[in-house]
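Reading through the C-alpha cells given below for one structure.
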Amino acid sequence: MFVSDALSINEKNHLTVGGCDAVELAKKYGTPLYVLDETAMRRAAALYRDSIDKFYGGRGLVFYASKALCCLEVLRIVNSEGLGADVVSGGELYTALKAGMPAERLCMHGNNKTYDELVYAIESGVGRIVVDNAPELEAISAICAERGLCQKVLFRIKPGIDAHTHNFIMTGQIDSKFGFALETGEARDIVLKALSLPGVEVGGVHCHIGSQIHELEPFRRAAEVLVGFIADIKDETGYEMKELNLGGGYGVMYTEADDPIEFDKYIEAVSLVLKDTCEKRGVSLPFVMMEPGRSIVAAAGVTLYTVGAIKDIPNVRRYVSVDGGMCDNPRYILYQSEYTALVANRAGDKPVQKVTVAGRCCESGDLVGENMPLQSVAAGDTLAVLTTGAYNYSMASNYNRVPRSAMVMTRNGESRLIVRRETYEDLVRNDI
Ligand SMILES: *Cc1c(COP(=O)(O)O)cnc(C)c1O
C-alpha cells in the first residue's frame, strides 16, 4: 500500500518510518519534522552504483545530485556508498567537501558559476566541471593557466530531447538557458575551442533532459545522440572524448498515478544503446556517469506536521491546516506537485474524505495539496506527507520568518537528529 518500503503501520495503527513510530517522532522532535530513512536511501544509492557494475562492467560513476537534499549527513552517507556528488554552487561544494567527499568525485554544475566559485572548485581539485557557456570556459582556462593546473571539463549539451512532451524533436530544447545546442553548431564550436585552450582537458559531454521521467526511451535517445556527437568530433578532429554524463531525472512515486521504473533498468537500457551506437560509429565505449537526485532521497523522506485549524466551506472544500507548508515544501506553490498524505495516528484507516491541506503562510497558494484522500482528522493529529525527501528541505525558506524545520534520520527503529531546528535567534543572526 505504501510508496516506500521504509514505511509500515504498527500495532497502535500508527505510521512507522524506518521502524520508528511517526507519532513518537513528532512528539520527541516537534513538528514540522523532516524524517529521512537511512536504509531506504542507501538502498537506492546502492542500486544505481551496482547497476553500473552489472550492466556496464563498472566503467562509470554515479553522482548524487546534491541539490535534491544537501546536508552533511546525507553527503556522508552518499560518500560511504561510493557515489560522487554533483554540486551547483559554492555552498553545495563546501557542504560536500566538509562531509568528507573526495574532491575528485565531485562534479561542478551551473549555468552561471561565478568567478569565485570557479576558483574555489578548481583549487579544491573537483574532478570535473560541466561547462555551460563560452565565457566560463575561458575563465577556467585562465584560472588554470595562472596556477599551472589542468581541469577536466565536460560540456553541457542540449540534445534536443524534451522528455516531458515525449517529443524527440531536434529543435525542441534550443530554448533552454542550459548548455550548448547541437543543431546550431554551438556544441561543436565550443569543443573545438576547448581543444585549443591551455589548462583544460576535454573529458566529454553531459546532458540532463528533465526530471521525474518515467520512461526509458528519452534516455536511450539521449545516449545515442551524444555518442553521435562524440563520433562527429572524432571524425572531424581525431580527438575522441572519453566520458558521457547522462544526467538525472529518474522518476519516483508521489501518488498512485506515478509508475516509476526500477532504477537499475535505466543503466541496463542505456548500456545496450551505448554498446550498439559506439560500435556503429567506431568510437570506444565511454566512461558513463549518471546524476540521480530525486530518486535517491525522495521516497526515503516523510514530513510530519501537526494539524491545527480545520475549516469547512460548505459545498466547496474542507481546509485542513498544518503547522508547515510552503516554507518546508514549496513544490505545490511552485508547480502544483501532488503528494500522498495520511493521518499518522490513524494510518491503517481507510480514507473517508478529500481535503485541501493548507500551510501556515500568508499566501492563498500555500497548500500542501488539494483533493487529498484522507482518514478522519482532528486538530492535534499528526499528518504525514510521503515522498518528501527531495526538493523539500533543499528548497525551504524563512518566509513569514518561519524557522526552518529539523530533520531526523531513522534506521532500524532508531532515530537521530541530523539537522537542528532553527531558532528565532538564528533568524536574526545576520541582521544588523
Ligand atoms: C537537477 C539535476 C539533476 C538531478 O535531477 P533529478 O530529477 O533529481 O534526478 C542531475 N543533473 C543535473 C545537471 C541537474 O540539474
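If you stretched the chain out fully between residue 364 and residue 262, how much longer would it get, using 0.36 nm times the residue separation minus the C-alpha to C-alpha distance?
Gain in length upon complete extension: 33.0 nm.
Dipole of the stretch 39-295, Cα-centred, from +1 at each Lys and Arg C-beta and -1 at each Asp and Glu C-beta, to the nearest 20 debye?
The dipole magnitude comes to about 500 debye.
Along the Cα→Cβ direction, 7 angstrom out, place labels at residue 111 and residue 152. What is the inter-label distance in nm?
2.7
Test of understanding: given the chain, find the longest segment containing no GluC sites (Glu not before Pro) that are in a DSSP loop and have at most 11 other Cβ atoms within 10 Å.
The reported range is 12-255.
Could you please report the charge total around residue 36, scoring K, R as +1 and D, E as -1 over all other residues with beta-carbon less than 14 angstrom from its beta-carbon?
Value of the local net charge: +1.
Among residues other than residue 83 whose Cβ falls under 9 Å from its Cβ, what is the net charge (Lys/Arg +1, Asp/Glu -1)?
That sum, taken over residues with Cβ under 9 Å, equals +1.
Determine the calculated [θ] at 222 nm for the chain from helices alone, applying -39500 (n - 2.57) to every DSSP H run no shorter than 4 residues and normalising by the residue count; nearest 500 deg cm²/dmol.
-9000 deg cm²/dmol
Gap in Å between the Cα centre of the stretch 279-334 and the Cα centre of the stretch 401-420?
Cα centroid of the stretch 401-420 versus Cα centroid of the stretch 279-334: 17 Å apart.
What's the percent breakdown of Cα-Cα distances in the stretch 39-295 across 5 Å bins, shortest bin first?
Percent of Cα pairs in each bin: 1, 6, 14, 18, 20, 18, 13, 7, 2, 0, 0.
What does the extension gain come out to for residue 27 and residue 195, with contour length at 0.36 nm per residue minus their alpha carbon separation?
Fully extending the segment from residue 27 to residue 195 adds 54.6 nm.
For the stretch 146-154, what does the Karplus curve 6.51 cos²θ - 1.76 cosθ + 1.60, with θ = phi - 60°, yield as ³J(HN,Hα) per residue in whole Hz, taken in order and with x for Gly and Pro?
With coefficients 6.51, -1.76 and 1.60, one gets 4, 9, x, 10, 9, 10, 6, 10, 10 Hz.
How far apart, in nm, are the 7 Å Cα→Cβ label points at residue 236 and residue 215?
The two pseudo-label positions are separated by 2.9 nm.
Report residue 313's accessible area, 1.4 Å probe, all protein chains in place, as a number in Å² to the nearest 10.
Accessible area, nearest 10 Å²: 70 Å².
If one computes the Cα centroid of the stretch 2-45 and of the stretch 54-132, what distance in Å separates the two points?
28
Determine the gain in length on full extension of the stretch residue 423-residue 371; use 0.36 nm per residue of separation and subtract their C-alpha separation, reporting nm with one decimal.
Extending this stretch completely gives an extra 15.4 nm.
Between residue 50 and residue 176, how high is the FRET efficiency from 1/(1 + (r/R0)^6) when r is the Cβ-Cβ distance and R₀ = 22 Å? Nearest 0.05.
0.10
Around residue 55, under 9 Å between beta carbons, what's the net of Lys plus Arg minus Asp minus Glu among the other residues?
Summing Lys and Arg as +1 and Asp and Glu as -1 gives -2.
With a 1.4 Å probe and every protein chain kept in, tell me what percent of the accessible surface of the stretch 49-98 is carbon plus sulfur.
Carbon and sulfur atoms account for 52 percent of the accessible area of the stretch 49-98.
Between residue 414 and residue 72, what is the spin-label point distance in nm, taking each point 7 Å from the Cα along the Cα→C-beta axis?
About 1.9 nm separates the two model spin labels.
Give the accessible surface of the chain per residue, rounded to a whole number of Å², with probe radius 1.4 Å and ligands, DNA and RNA excluded.
Accessible area per residue: 42 Å².
How large is log10 of I(q)/I(0) for the chain at q = 0.07, 0.08, 0.14 Å⁻¹ when the intensity is taken from the Debye formula with one equal scatterer per alpha-carbon?
Rounded to two decimals, the profile gives -0.37, -0.48, -1.25.
The values are calculated or read from the model by the stated rules, or taken from the named source; none is laboratory data. Computed from a prediction, not measured in an experiment: that's the story for all the values here. Cβ atoms come from the backbone with ideal geometry, glycine included; neighbour counts cover every protein chain shown. With ligands, DNA and RNA removed, areas are computed over all heavy atoms of the protein, side chains included. Shrake-Rupley method; radii C 1.70, N 1.55, O 1.52, S 1.80 Å.
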